[in-house]
Amino acid sequence: MDDDLTSDFIENITPDVLGVLERIRLFQQLDDLFCPQDASNGRVKCGHSYAQTETIVKVAGMDDEDLEDILAVLHSLGGCCDCEILYNVAEESRLKSEYWIARAREFLGHAQSESQI
């Protein structure tokens, strides 16, 4: 497949793939692994791979061809690994919220210390 055909194909299947991922709760399952609501549950650290995504998709009954299409769609949307799926593809995630809360505190703390100079 040439690059234009591949990008057109990915663009065409993206809404359906995202619908399936919502149905199998991929984003929620990843969020539960990387940023569990219950702090007593340990966090999974991202291995900068799709290891967790692949497991979730396979458990949901998808085959290798489905997985290839899913990963192509996620990658095209900026999800280049498990954690980036939560940062860049999921509309909402605890992991993304946690990151931005920390950044806001960091920025506000920095801004306050500058104003005291």
Could you list, in sequence order, the residues of the stretch 31-69 that are among the β-branched types (Val, Ile, Thr) and more than 12 Å from the chain's Cα centre (by Cα)?
44, 55, 56, 57, 59
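I'm trying to understand the selection: among the residues of the stretch 1-58, which are among the hydrophobic types (A, V, I, L, M, F, W, C) and closer than 14 Å to residue 72 by Cβ?
Step one: of the stretch 1-58, the residues among the hydrophobic types (A, V, I, L, M, F, W, C) are 1, 5, 9-10, 13, 17-18, 20-21, 24, 26-27, 30, 33-35, 39, 44, 46, 51, 56-57.
Answer for the stretch 1-58, where residues must be among the hydrophobic types (A, V, I, L, M, F, W, C) and closer than 14 Å to residue 72 by Cβ: 1, 5, 9, 10, 13, 17, 18, 20, 21, 57.
Coordinate-derived values only; no laboratory data. Source: prediction; values computed, not measured. Positions of Cβ are backbone-derived with ideal geometry, glycine not excepted, and every protein chain shown enters the neighbour counts.
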